[in-house]
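Scroll down for the structure; my scribbles are underneath it.
The values are calculated or read from the model by the stated rules, or taken from the named source; none is laboratory data. Quick caveat: nothing in here was measured; it's all calculated off a predicted structure. Positions of Cβ are backbone-derived with ideal geometry, glycine not excepted, and every protein chain shown enters the neighbour counts. We work out accessible area using only protein heavy atoms, side chains counted, and drop any ligands, DNA or RNA first. Shrake-Rupley method; radii C 1.70, N 1.55, O 1.52, S 1.80 Å.
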Amino acid sequence: MPDRYMALPGKTVPPEIVGKEEMGARLRAERKARKLTLQEVSRASGIAVSTLSKAELGQIALSYEKFGALARALDVDMTRLFMLGDASQAAVAPTYVKNKLGDACDYVTENYHYRLLMGEYPGKKMTPMVALIDSRKVVEFEDYIRHPGQEFAVVLSGKVRIQFENGDSVVLAKHETAYFDSSIGHVYLSLSKKPAEVLAVCSDTDEVPSRLKPA
């Protein structure tokens with residue numbers, strides 16, 4: 001596992017990390033609770049059965065794109081899977097929810113090191129996250145990342161390039177922002193000596209895959 005951690009103001013202890021094995025167990029529990037087979041989830045999410053199986057066994061870490069597709073297939077808020085312990089979620093949306101970056105766990109993938117926030121808020125329409133960007137070339141990714149909705153990003157430290165599959169790109173320095181259609185393939189690349197830190201907010205979709213809707 002990479003030994004780099006996101007810097008949290010006023011904290012010297014690295015934040016807790018959700019390991020691949022722990023996340024795999026959570027994913028498997030969510031699937032079995034819905035009495036779904038790997039094949040059914042594969043058809044609903046578009047993710048290969050072999051990939052789902054490896055994720056549940058803790059052999060691989062899923063990208064944000066695949067996590068989003070899997071969460072939609074299971075009809076679950078993906079942020080909940082990243083919360084510490086058995087943190088509860090309100091049954092009715094409160095006026096507001098306040099927490100700290102340390103209230104969510106880090107998740108390490110091949111390209112990003114990120115944490116999803118505000119899992120306590122029910123029925124979220126947006127997914128806020130803080131990511132550490134260390135990738136520097138498009139070839140480091142298997143493919144461009146695509147997910148339904150729109151995305152807002154602000155650079156907290158360092159400098160990044162958001163490269164789009166259509167050839168467009170935007171360079172953002174510290175405190176600069178961008179807003180884009182996240183269904184267009186994109187990747188974040190660090191242009192600074194150290195990994196760049198980005199706050200991103202992705203809009204969610206309420207649509208439940210038709211293949212999992214009750215007849």
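Counting only residues at least eight positions apart within a chain, or on another chain, the lysines with an alpha carbon under 17 Å from that of K35 are K213.
With every protein chain kept in place and ligands, DNA and RNA left out, what is the accessible area per residue of the stretch 31-144? Probe 1.4 Å, answer in Å².
The answer is 50 Å² per residue.
Sorted on the mean count of surrounding Cβ atoms within 10 Å across their residues, most packed first, peptides 176-186, 36-46 read 36-46, 176-186. Cα centroids of the stretch 94-155 and the stretch 180-201: 10 Å apart.
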